[in-house]
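Following: one structure in structure tokens, then a few remarks.
Derivation of every value follows stated rules applied to the coordinates shown; laboratory data play no part. Since the model is a prediction, treat every value here as computed from it, not as a measurement. Note that we place each Cβ from the backbone using ideal geometry, even for glycine, and neighbour counts take in every protein chain shown.
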Amino acid sequence: MSVNLPAEDPLIRMQRDLKRAKAKNLKDIKWGMVIDIAKCVGCHACTIGCVAENKLPPGVVYRVVLEEETGTYPSVGRRFVPRPCVHCQNPPCVKVCPVKATYKNEQGVVVVDYNRCIGCRYCLVACPYAARTSDFGEWYTDKTPEVPGKLVSRKAASGYEIRPAAEYGKKWPDRGQGSPIGNARKCHFCLHRLAVGMLPACVTTCVGRATFFGDRTDPESLVYEQIGSPRVYRLKEELGTQPSVYYLK
Amino acid sequence: MSNNKEYLFRILVALSVAGLVVGSWGVIEVMRWGKNATALGSYVTWGMWVAVYLFFLGLTAGAFLITILTYVFRVKIFAAVGPLSAFTVLVALTCEVMIISFDLGHFFRAYRFLLTPSFTSMITWMVIFTNAMLVIYILECYFLLRENLILWSKEEGRSGRGFYRFLTFGKRDYSEVDRVADHRRVHTISLISLPIGLIFYGVNGAIFAILLNRPLWNGALTPLIFIVTALLSGGALITFLTYVFRIDDKLVHYLGQVIRFLLVVFLILELLQFFVGYMTGVVAQITSLNIIAFGPYWWVFWFFHVFLGSLIPLYLLARHRANPTAVAWACFLIVITFIAVRLNTVIPDQAVYKLEGLEATFYHARLRTDEYFPNLTEWLVSLWVFSLGMLAFLVGSRWLPLIVAGKGEAEHV
């Protein structure tokens, strides 16, 4: 056994960090994420975990895993770069929203007010990370055959699809009845899970323990520690957007 | 000649009505299914309707050009087309607002612009200045037409006199004092419209220009190009209409000279955009430029824009500038091919993935940049708006004193 193995699962520590953060005043928390790309195996479990957690419809995705090839044959490699919304501290999407439907909340999370968004998609165009998608109102169960008694048919399957997720900790109407169809949608660090003391879905589903989450202003937290690593970098840092998502090379 | 005109008028009305009927299918689809009825995606998220919006935006600049030349720079000869161009701008502005409303995911929340406007957003300023332009040109149109509306409301045997009385708020007399006052008002409104108009077209350019992640759009040149392209396409429309309505052939000649100048300026700016883009060497920018010039829709750029919309008009405007028919043809070609310019403004930058590897992850048709081509719904809705605009213009040209009000206008400038 390697001596480098952690004494405990990072999830346990992050859970402790989360508990400590939640004891603070909300406005004193600044959520941050660190993704160690050396540990990411490219399994896409975070993408699927996010889709399931937020019940994302076809064409809507909050967290993708980018695949990059490095080097020249025969010295080649692949690396995986998960890309959630990077929650810029200087977000270009917030400035361009004409009706203040997207804004940075007290904890530094860039959120969308589904009931205010007019669906102009200027924020999609302005995001340098392509981290926003528009909900066009598609259904996975479209064109599913309807054979009652023989198949789990469209009606039965859409029962699942029609129930909304608890995004932003709110109760939303059944799918098909207005927002978030027609809205811009994006990762919100699973605020609804954080509110009840759970880590974001992408963090808990990461099989390589490559995604870390916590209060980046808490010196005792794992993310605070990792942000200080010499391996740290952020995507498109030259744009001055100051993302709250950090990467470890 | 008169019979021919009547025949043409009826054909155009019939075409507009047919366009409205056929286009209604697209409108119904959008009402039923929202944006799901379109081919738009999350990466190429502004498509044909935004291009058509910009097309109409350009057409509104015709009146701006005319009124500024007439009432600010005192070029008297253009005064004859003042009322016609002011009405044209009203129709184009209305079409512009309609097409962009279809593009919104939640049109019925447009009231949010009043409740929670964000002044850091260029779209908010676009809304403010669109409304300012609407108010300016409603007032300008009204004061330019008022005298003739009053005359028509009293003219024995003229049908619709009640309607004209309604438009004049029941005013029955029109004195010399009224005439002087109305011309003073038009002059004042035109002066106000100079800064507002320039900001309006500039703001629309700034919507694109401020985006740091969009190398093709980002830069100070973009708002300037928007102002020049608006003046070019709008001016070309007014020139064409001046010829069609047989207002004054001399005027067509002068307007043709203005259009030739604007076309040359625009082509130089476009050339600069390509030159600077290629020389900068930014991969995303070069890729976007390559999409325009050598991509799957290269013919939109080379055939429609460069050949049909630029070279032929330039030839006609240079070699046959004394021939009003040739000038009108040149302007007609500029106007109808300008949608190609707008499509090449809106789509190519979005057609480049902004992160490496984005194209190879999480496949869905709405998450591709190479699969966008306007679908039938988008074409039908565009047709519907075009048809409605054309019908409104035809009805206005028939039942409003747009031509007669321009006659003798020069002496008041």
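Which FRET efficiency value, to the nearest 0.05, is calculated for residue B:371 and residue B:159 with the Förster distance at 56 angstrom and r the Cβ-Cβ distance? Each step should come with its number before you reach the end.
Numbers: r = 53 Å, r/R0 = 0.95.
With a Förster radius of 56 Å, E is 0.60.
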Separation in nanometres of the label points that stand 7 Å from Cα toward Cβ, at residue B:364 and residue A:177: 2.3
Using Cα springs under 10 Å in a Gaussian network model of chain B, which residue among B:169, B:274, B:386 shows the largest mean-square fluctuation? B:169
Run the numbers for residue B:24 and residue B:198: contour at 0.36 nm per residue of separation, minus the present Cα-Cα distance, in nm. 59.2 nm
³J(HN,Hα) computed for each position of the range B:250-255 - Karplus, 6.51 cos²θ - 1.76 cosθ + 1.60, integer Hz, glycine/proline x: 5, 5, 4, 4, 5, 4
Using Cβ contacts closer than 10 Å as the measure, can you line up B:176, B:371, A:138 from fewest to most? B:176, B:371, A:138
Highest-fluctuation residue, A:94, A:125, A:64 considered, GNM on chain A with Cα pairs under 10 Å: A:125
Set of aspartates and glutamates with alpha-carbon distance to residue A:170 below 20 Å, sequence-local pairs under 8 removed: A:53, A:106, A:113, A:135, A:161
If Lys and Arg each add +1 and Asp and Glu each add -1, what is the summed charge of the other residues whose beta carbon sits under 12 Å from the beta carbon of residue B:260? +2
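What pairs in A:171/A:236; A:143/A:171; A:22/A:186; A:39/A:104 have C-alpha atoms more than 26 Å from each other? Present the calculation step by step, with values, prior to reporting the outcome.
Working: A:171/A:236 35 Å; A:143/A:171 28 Å; A:22/A:186 23 Å; A:39/A:104 30 Å.
Correct reply: A:171/A:236; A:143/A:171; A:39/A:104.
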Gaussian network model of chain A, Cα within-10 Å springs - most flexible of A:32, A:176, A:77: A:77
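By average Cβ neighbour count within 10 Å, what is the ranking of B:132-138, B:345-351 from highest down? Don't jump to the answer; show the numbers that get you there.
On the way: B:132-138: 19.3, B:345-351: 23.9.
My ranking of the peptides, most packed first, is B:345-351, B:132-138.
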Per-residue average of Cβ from other chains inside 10 Å of B:345-356: 2
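Return an integer: the convex hull volume of the alpha-carbon atoms of the protein assembly as shown, in Å³ per residue. Can you show the working numbers first?
Details: hull volume 133.6 nm³, N = 662.
Convex hull volume per residue, Cα atoms: 202 Å³.
Tally Lys and Arg at +1 and Asp and Glu at -1 over the other residues with C-beta under 10 Å from the C-beta of residue A:220: what net charge comes out? Working shown, then result.
Details: positive: A:13, A:16, A:20; negative: A:17, A:215, A:218, A:225.
That works out to -1.
How well do other chains shield peptide B:151-163, expressed as the mean number of their Cβ atoms within 10 Å of each residue Cβ? Please list the in-between numbers first.
Numbers: counts 0, 0, 0, 0, 0, 0, 0, 0, 0, 0, 0, 0, 0.
Average per residue, whole number: 0.
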Return the FRET efficiency for the residue pair residue B:76, residue B:101: r is the Cβ-Cβ distance, R0 is 35 Å, and the value is rounded to the nearest 0.05. 0.35
Pairing the Cα long axis of helix B:376-399 with the longest principal axis of chain B, what angle in degrees results, from 0 to 90 and rounded to the nearest 10? 10
Using the Karplus equation 6.51 cos²θ - 1.76 cosθ + 1.60 (θ = phi - 60°), what ³J(HN,Hα) coupling, rounded to whole Hz, does each residue of the range B:325-335 give in order, writing x for Gly and Pro? 5, 5, 4, 4, 4, 4, 5, 4, 5, 4, 5
For the range B:179-189, Karplus-derived ³J(HN,Hα) couplings (6.51, -1.76, 1.60; θ = phi - 60°; whole Hz; x for glycine and proline) come out as 4, 4, 5, 5, 5, 5, 5, 4, 4, 4, 4
Spatial separation of Cα centroids for the range B:49-69 and the range A:61-108, in angstrom: 37
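Over all pairs of distinct alpha carbons, what does the Kirkwood formula give as the hydrodynamic radius of chain A, in Å? Working shown, then result.
Working: mean 1/r = 0.0516 Å⁻¹.
Across chain A, the inverse of the average 1/r is 19.4 Å.
Using the Cβ atoms and a cut-off under 11 Å, what net charge is assigned to the surroundings of residue B:178, where Lys and Arg are +1 and Asp and Glu are -1? Can you show the working numbers first?
On the way: positive: B:146, B:171, B:179, B:184, B:185; negative: B:147, B:173, B:176, B:182.
Overall, the nearby charge balance is +1.
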Just tell me how shielded B:114-122 is by partners: mean number of partner chain Cβ atoms within 10 Å of each residue's Cβ, no decimals. 5
Starting from the amide H of residue A:83, placed 1.01 Å from N in the peptide plane, find each other amide H under 5 Å away whose residue is 5 or more places distant or on another chain. A:64, A:65, A:66
In nm, give the distance between the simple-model label positions of residue B:115 and residue B:271, each being 7 Å from the Cα along the Cα-to-Cβ direction. 5.2
Expressed in nanometres to one decimal, the distance between label points 7 Å along Cα→Cβ at residue A:76 and residue B:279 is 3.8
Sorted from fewest to most neighbouring beta carbons within 10 Å, what does the list A:132, A:78 look like? A:78, A:132
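Sort B:171, A:30, A:19, A:95 by Cβ crowding within 10 Å, fewest neighbours at the top.
Working: B:171 13, A:30 19, A:19 10, A:95 16.
Listing B:171, A:30, A:19, A:95 from fewest to most nearby Cβ atoms yields A:19, B:171, A:95, A:30.
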